[in-house]
Structures are given as C-alpha cells and as structure tokens.
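The values are calculated or read from the model by the stated rules, or taken from the named source; none is laboratory data. Keep in mind that what you see is a predicted model, and the values were worked out from it rather than measured. Counting neighbours? That spans all protein chains shown, and the Cβs are built from the backbone with ideal geometry, glycine included. Accessible surface is based on the protein model in full, side chains and every heavy atom, while ligands, DNA and RNA are left aside. Shrake-Rupley method; radii C 1.70, N 1.55, O 1.52, S 1.80 Å.
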Amino acid sequence: MGLASDSPASFPFSAAKLAASPRFCNPISRRIFSDVAGDLTVSVDGQSFLLHKFPLVSRCGRIRRMVAESKDPDLSKLELVNVPGGALAFELAAKFCYGSNFEINTVNVAHLRCIAEYLEMTEEYQEDNLIVRTETYLNEIVVKNLDKSLEVLCACDGLDPTVEDVGLVDMCVDAIAINASKEQLVSGLAHLECDVGSGKLRMHCQDWWVEDLSALRIDYYQRVIIAMRRTGVRPESIGTSIVHYAQTALKGIERRHVWDSGPLVGDNQRVIVETLIDLLATEKITSVTLSFLFGMLRMAIEVDAGLDYRIEVEKRIGLQLEMASLDDLLIPATQTSDSMFDVDTVHRILVNFLQRIEEDDSGNLSPCGYESDDGLKSPSHSSVLKVGRLMDGYLAEIAPDPYLKLQKFMALIELLPDYARIVDDGLYRAIDIYLKRDNYASLRRENRELKLEIARMRVRLTELEREQGVMRQGMRDGRGGGEHGRALLASISRGIGRIAMLGGAQGGAERRKTKTKKSSHSQSQWSSDGGGKMSSRRRHKASSVTYAAAS
C-alpha cells in the first residue's frame, strides 16, 4: 500500500464512494478471501466481518490481547465497541492487515489514523504498521499543503475523542495557519506595487481559503482563527473569513417578528453565534462592517444568546454609531415583548456611544463639547450631531407604537446631551407623533365604520335599480298594469333618489365630523417650520378618511 498521489483520480476511496458502498448497508457476514474459511467473526456497530485470526493478531495489538485473554480456546466471535469511524474504518484496517492494495488520501487518512490507534497497530507488532504509514502521509503530504490540511480537518468530524488524543486536529490547525501565513507573504511580495506618483504601496492578494474555512465545524474554525492570529495572518482576512462563515452557517435563520410563531432555533446556532462574537471581540474595529455587526446583534437576539455576548456586540456598535443608518436601529422585539421594536438594546448602544465620546474628549473641551481651549471644534462633536439626528429619526419611527411605554421613550430623549441637537424640530415631531397615537386609532375606526355603511347602501341601491329595470321592461312589454305600474315605478325611482341623497348627506356629515376633529388638533399636527404645511404622515392619515367618505 503506497502513499496517495496528488491526482484525485488515483484516490479510489473518496467519501462519496465509501458512503455509497452497498457492503456497509448489508449487515451479514462477509469474507475478505473466499478460498480459505474464516475462523473469526468481528462485530462492529452491528455489522459482522468474517475474517481470519492470523492477519489480525499479527498487526493489531488490541485483537491479539482480546484473543489471548479469552477463556475460550476456540474463540470465534469478537465484538468491538466505540470504534472510531465505525465499520467503514474497520474494513479499511482489515484490508491493510490482509495486504489489500488501496491508497491513503485526505479523505480516509483521519479514519485510518484513528482506527490504527484504536487497534494498537504499532511497530511493536509489525514493522511499517498502519500508524507509521498514516503518520508518514500526514507529515510528508498533508501538513505542507493548506488545501489538504483543510480536507483532513473536515474529515476529523465524528472521530472524537481519538482524533484529539492522537493530536491530528492540532496538527491540521497549525498547518492551516502556517500555510495561510506563508501564502499571504508570498502573494503579497509577488503583487506588491509601487505608485510612483504618490509613493504609496498597494498590496493585492486574494485569500481563497476564506470560503473553504466555512466548511469546518465551529469549534475547529475557532481554533484555526486563533492559530492564524498567532502566525500573523492579516486581520482583514480574518474579518472577511468571520463574515463569510456567519453568512454560510446562519443563512437558515430568518428574521422573526413579534407576531410570528414557529419553532425556536436550536442550540447549535446559538453556539455558532456566541463563538463568532467571541472571535470578533479580539478583532480590530475596522475588520468587519457596521452592518455586519448589526446583523450579528439581530442573530444574537434571535437565538437567545447570552446577555454578555449581546453586550459585546453593542459595545462595538457604539464605537461607530455615527455611521449607522435608521434601518440598522429598527431591531424587531422578541416574541416575549409587547412592543414592536427593541428599545432597550438601542438605549444600551447609545450609552456605549456616549461613553466613547467622554473617553475621546481629552478634558480640554468646554462643558457643552463645542470647542476646546485653543478654539478648535471638537472632533467628536460632529459625531454627536450625526447621532442626534439619527436618534430623532428613530424616535419618530417608534413613536406610533401603542405599546411603547412613556418611561422608555423619555429615557431615549433625555440620554443625549443638549449640544447633540442644533434645532429641536425632529424631537418635537417625534413627541407630537407619540402624543397623537390614540387620535389616529379613533380616526381609523370611524373610517372603517363609514366604509361599511356606504357598502350597505350600495347593495340596497343595486337591488332597487334591478327592480326598476324589471318594471320598465314589463311596461314596455305591456305588462305594467297601466297607471298602477307607472305609479309603482315612480315610487321606486324616488326611493333610489332618497338613498343617493342619504349617502351624500351622510358622507358630508362624516367629512364635517372629520374636519372638526382635525381642526381641534390643527396646531399640533402642523409642522413647526412656519409655512403652514402638513407633514406627509399627517396628510396621508387625513386623506384616507376623506377618501372613504367621498367614496
């Protein structure tokens, strides 16, 4: 049995082929050689292998000891429990004992190394045994190649704890980190360009392994990232890798609203989110985007991650809150909350931002934060103004929420310092919207009632028009009854006219009623710019009532 070549075609035992092998689906006795009767049946995970004692005891220390310690001189059955890799790995080891020709490759080397350790296939029993063969392949082929190291590490899944005991995971993790660092160095030197005009150096390199790391399970991925930091891999590449891993592993988790009902996400997603947040905690602030941080915060809320993890993300967001958008802050509340938006989270983010501002200020600023002693504008003041405008917009968006408590609404207003707003128009608008929710609800209720009444009148009007048409047709056919028929027709026509007049009168009354209600609040519903123009939100609400009455 030789070492595998680099060509994938020379690897007959690929994962797909091994998994699809019908021999592993048939739990009946089988023979490696059909010309000599087997004398030992080995049971592994419910599957039986009819084998021969001699080739097994000559290479496997565990089986030799089990046969020697047996009190039955004619031992014919053995049962192996907790076999790493199961029946699949054991069949490969049995083929090795029989001298069958197959190649070691990145798909089966982890299973072979673990089953060799389990069966104690050391040099003590035979020279060039399976442990030495697998170690040689790992040291000469795998650890020198980043791609192969990744493939072997992915294949280690499901082989615990043996794969950890033999040090195979640590070997692959270190190999990935070292090779990634080497690739970045070589690629950087090869693509290093000098801009003669500006004298700046530009580095172009593409880290292909960023996407491949997403195939690792989360605990292996965490160890790889930690090792990469230790070997000097660029923080930008690590940040990109974390983003890609999150997008790949958490893409099945969709945003769930307050009114939605459905199964909760499992513990696996929670572990992934918490682990990625741990990795982000030690990364530079510029290694990931602010939108990604908000996405991770939403995911942490969705999977019910620990409060410490959520606070960690909130701190990082608070360090660059001035770059956030209004949509970023509109975080849906959880199902256990009555309100529509998660106001408490935004409050904590704002507190973190203000703490950052206090730390940035050197103490030479005036109490209002506008100017320092040397007359220069505070570098943090522009950030405070941006956040002030952002929070005014946020307050206006959450103000219509009927479940928003006054204490939470006022806490957000009072948290920002006075110098965060040059004008208070946005704040007044948010307060005005909050104080008038009840009024909007009343208008909508009256609007629905009015539409219902008009619909009823239209149905009655249609019936009368149909009766009138029948009468007219009867009179033309000579069946109208003379004067009596004409009198009845005139009566129906007058009834239709009265219904139409009633509808118009009621519509006018409702319009006057609506107009009266609106005029009683006209001073608070008009904008404070002095131009007498109603805001778009108010025009929309008022127009919906007028349209219903007119229709």
Inset, instruction - Considering each of A110, A87, A116, A94 in turn, give the residue that is without any contact (Cβ under 8 Å) to a residue 40 or more places away in the chain, in contact with a helix residue (DSSP H, G or I) (Cβ under 9 Å, 6 or more places away or on another chain) and small (G, A, S). - result: A116
Legend entry - Residue list for region 396-414, filter: open to solvent by 50 Å² or more (accessible area, probe 1.4 Å) and not in a loop (DSSP other than H, G, I, E, B): E397, L406, Q407, K408, M410, E414
Inset, instruction - Could you tell me whether any residue of region 45-56 is over 23 Å from Q126 (Cβ atoms) and out of contact with any helix residue (DSSP H, G or I) (no Cβ under 7 Å at 6 or more places or on another chain)? - result: yes
Legend entry - Sole residue being farther than 27 Å from L40 by Cβ and not assigned by the TED database to the domain that holds K182, chosen from E135, E127, E91: E135
Legend entry - Number of the exception - D308 against (1) surrounded by 15 or more Cβ atoms within 10 Å (Cβ to Cβ); (2) closer than 23 Å to V346 by Cα; (3) at pLDDT 85 or above: (1)
Legend entry - Residue pairs meeting the criteria (Cβ under 6 Å; at least 6 apart or on separate chains; first at pLDDT 75 or above, in region 467-483; second in a loop (DSSP other than H, G, I, E, B)): G474/G480
Inset, instruction - For region 329-346, state whether one or more residues are within 21 Å of A281 (Cα to Cα), in contact (Cβ under 8 Å) with a residue 12 or more places away in the chain and β-branched (V, I, T). - result: yes
Legend entry - Only listed residue being at pLDDT below 85, in a loop (DSSP other than H, G, I, E, B) and surrounded by 12 or more Cβ atoms within 10 Å (Cβ to Cβ), chosen from G375, G369: G369
Legend entry - Test set (1) out of contact with any Leu (no Cβ under 8 Å at 6 or more places or on another chain); (2) over 25 Å from D338 (Cβ atoms) - M410 fails condition number: (2)
